[in-house]
Amino acid sequence: LNLILYGPPASGKTTVGRALARRLGREFVDTDEAIEARVGTSIPNLFATRGEAAFREIESAVCRDLARRNGLVIACGGGALLNTDNRATLEATGRVICLSADPAELLKRMNGGSGRPLLAGSDPAARLAQLLEARRALYESFALRVDTTGKSIEEVVDRIVSMTSPTVFRIEEPTAYEILLGHGLLDQLPDLCHARDIRPPSVVVTDDNVAPLHGESIAEAIGACLIRVPAGEVHKTLDTIRLLYAAFLDAGVERGATVAALGGGVIGDMTGFAAATYLRGVKWINLPTTLLAMVDASIGGKTGVDLPQGKNLVGAFHMPALVVADLDRLATLPADELRSGMAEVVKAGIIGDGQLFHRLSALPELTVDADIIARAIAVKVAIVQADPFERTGERAKLNLGHTIGHGVEAASGFRLKHGEAIAVGLVAEACIAERMGLAVPGLEDRMVAALQRIDLPIDCPGLPVDAIRAAMSTDKKKQDRRLKFALPVRVGEVVTGVEVDEALLIEVLKEIAHAR
Ligand SMILES: NC(=O)c1ccc[n+]([C@@H]2O[C@H](COP(=O)([O-])OP(=O)(O)OC[C@H]3O[C@@H](n4cnc5c(N)ncnc54)[C@H](O)[C@@H]3O)[C@@H](O)[C@H]2O)c1
Ligand SMILES: [Zn+2]
């Protein structure tokens, strides 16, 4: 497959193309240079001596030649793809990535237009605006687009790489599906589905927050019906599931159809559950848009809703047919949601990836990147593979920080975000593990340092200890009425099924609540 860079003048086709080719170890070809090589003279000269028609003919011949080759990075001259034959020829063996930038930045990169024949004249800005307008529909017709405004060449290259070759995680048990992670992926959803023999979704379920940001445009682009439900955990109920069933019926969702969840863990859990039960089960794909959903909730096929008596009390295992985590969607996520999701990333590091934990411990500020997310996904993938139905205890490792964390979350009346409560739980459980002699000394301090770097809380001053303790007991994960903890041993190692002495537990809860 060739990668073809296209876009307005100064959008970076050639510079980015060279860097991309270097990164991928591919050969780079610039169509204008190829034309000049073919005729043995410069393009302006060719225009002057033989006219535009001759130039276009040679351009088409060059396109046909390049399309016959494979594995190239091609920077495509501005006029080349105006010709639909050229486009079809090149797209038969390649993918076009259309670069863009703000007009002001384009002009700046072109030194105000000097030396660009297309912009010749007294008002280059106006000429450029005209050109952009005339070609707008063409530019927008490419599924893969990268706005290069304010981005370094390396950043643009990163983005193109993850668009064209996302990181792929494969789950085999109990049914096979893939988790794709990369930039710009939701712009190519139908292709991603077709390539896996999945019918593109006929409905997209999302919440009120995500609908205007991402849902409407995605549903429109793929011709699906958008179903929106109110946002938030309080709506993760059977009442909302009933609404989903009705909306599926309205939209004519049949047995062979696919439904999509677009949103955080709440939308994923509910849509998956509705898909598990509607018509005794239809296919679903999960398009997580929060960090927490990308690294945790979207992986492993657990679906369900809350009851008034407790969280996640009703549900089913129903594996998605595909998970697509599009990093670009995190751009709109509020910082506190990002921070909350980071608690699960820290958890993943402690459970199974020391390097991830070290990276987090060295973060200058709250930042996530593809590598951090990929590492966290890999930890969860390995665990759900080893224990798809939560039978062997392997999956219990994921409860790290959650036994106490859930208690803290509930006792705060859900004032604390899930990830904030988990951060507190991680610290408290590390403290318990150290005092029991299970964990290496200093582990708690290291966890505190990592969590503080991302501005996550490490204690919950003032929360009533009996309320935390009571809320822990209604955790559905308790077995035999006795709490079983997952406790950290060192970074990268966790033990499960540990019973904790009640007096020690209360002592530590008092410490995190600063109670006497
Ligand atoms: N199934 C599992 O294995 C599993 C694992 C962990 C958690 N969960 C569940 O996940 C849920 C928590 O998930 P969550 O933290 O994603 O909560 P969420 O779905 O409520 O999303 C958090 C908030 O972010 C908003 N949002 C989502 N994407 C956005 C975006 N790109 N831009 C702007 N706003 C956006 C949402 O509207 C919501 O207000 C809980 O219900 C939990 O039980 C499930
Ligand atoms: Zn969690």
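Computed from the coordinates by the stated procedures, all read-outs in this text should not be read as laboratory data. All values reported here derive from a predicted model rather than from experimental measurement. Counting neighbours? That spans all protein chains shown, and the Cβs are built from the backbone with ideal geometry, glycine included.
Return the pair list, or none, for Cβ contacts closer than 9 Å from residues in the stretch 273-286 that are free of Cβ contacts under 8 Å to residues at least 40 places away in the same chain to residues that are among the charged types (D, E, K, R), at least 6 apart or on different chains.
If the second residue must be among the charged types (D, E, K, R), the pairs left are L279/E254; L279/R255; R280/R255; G281/R255; V282/E254; V282/R255.
Which residue is surrounded by the fewest Cβ atoms within 10 Å (Cβ to Cβ), if the candidates are limited to the stretch 119-141 and must be out of contact with any Leu (no Cβ under 9 Å at 6 or more places or on another chain) and hydrophobic (A, V, I, L, M, F, W, C)?
The qualifying residue surrounded by the fewest Cβ atoms within 10 Å (Cβ to Cβ) is A137.
Would you pick out the residues in the stretch 142-157 that are surrounded by fewer than 18 Cβ atoms within 10 Å (Cβ to Cβ), farther than 21 Å from A221 by Cα and touching a residue at least 40 places away in the same chain (Cβ under 8 Å)?
T149, G150, I153, E154
Given the residues E36, E59, which is the only one that is more than 26 Å from E140 (Cα to Cα) and crowded, with 16+ Cβ neighbours inside 10 Å?
E36
Could you check the stretch 402-418 and list, in sequence order, the residues that are of a type outside the set (S, T, N, Q), away from ligand 1 (no atom under 12 Å from the Cβ) and part of a loop (DSSP other than H, G, I, E, B)?
If the condition is that a residue be of a type outside the set (S, T, N, Q), away from ligand 1 (no atom under 12 Å from the Cβ) and part of a loop (DSSP other than H, G, I, E, B), then G413, R415, L416 are the ones that fit.
Which one of A54, A88 is loosely packed, with under 14 Cβ neighbours inside 10 Å, aliphatic (A, V, I, L, M) and either within 25 Å of S141 (Cα to Cα) or touching a Lys or Arg at 6+ places or on another chain (Cβ under 9 Å) (or both)?
A88
Restrict the check to the stretch 454-474 and report whether at least one residue is within 16 Å of ligand 1 (Cβ to nearest atom) and assigned to a helix (DSSP H, G or I).
The answer is yes; a qualifying residue exists.
Can you tell me which residues in the stretch 306-324 are touching a Leu at 6+ places or on another chain (Cβ under 9 Å) and more than 9 Å from ligand 1 (Cβ to nearest atom)?
If the condition is that a residue be touching a Leu at 6+ places or on another chain (Cβ under 9 Å) and more than 9 Å from ligand 1 (Cβ to nearest atom), then L307, L313, V314, L322, V323, V324 are the ones that fit.
So which residues in the stretch 337-373 are surrounded by fewer than 24 Cβ atoms within 10 Å (Cβ to Cβ) and either in contact with a Phe, Trp or Tyr (Cβ under 8 Å, 6 or more places away or on another chain) or charged (D, E, K, R) (or both)?
Within the stretch 337-373, E337, R339, D353, R359, E365, D369, D371 meet the criteria.
Do we have any residue at all in the stretch 419-438 that's assigned to a loop (DSSP other than H, G, I, E, B) and either closer than 20 Å to L356 by Cβ or within 13 Å of ligand 2 (Cβ to nearest atom) (or both)?
no
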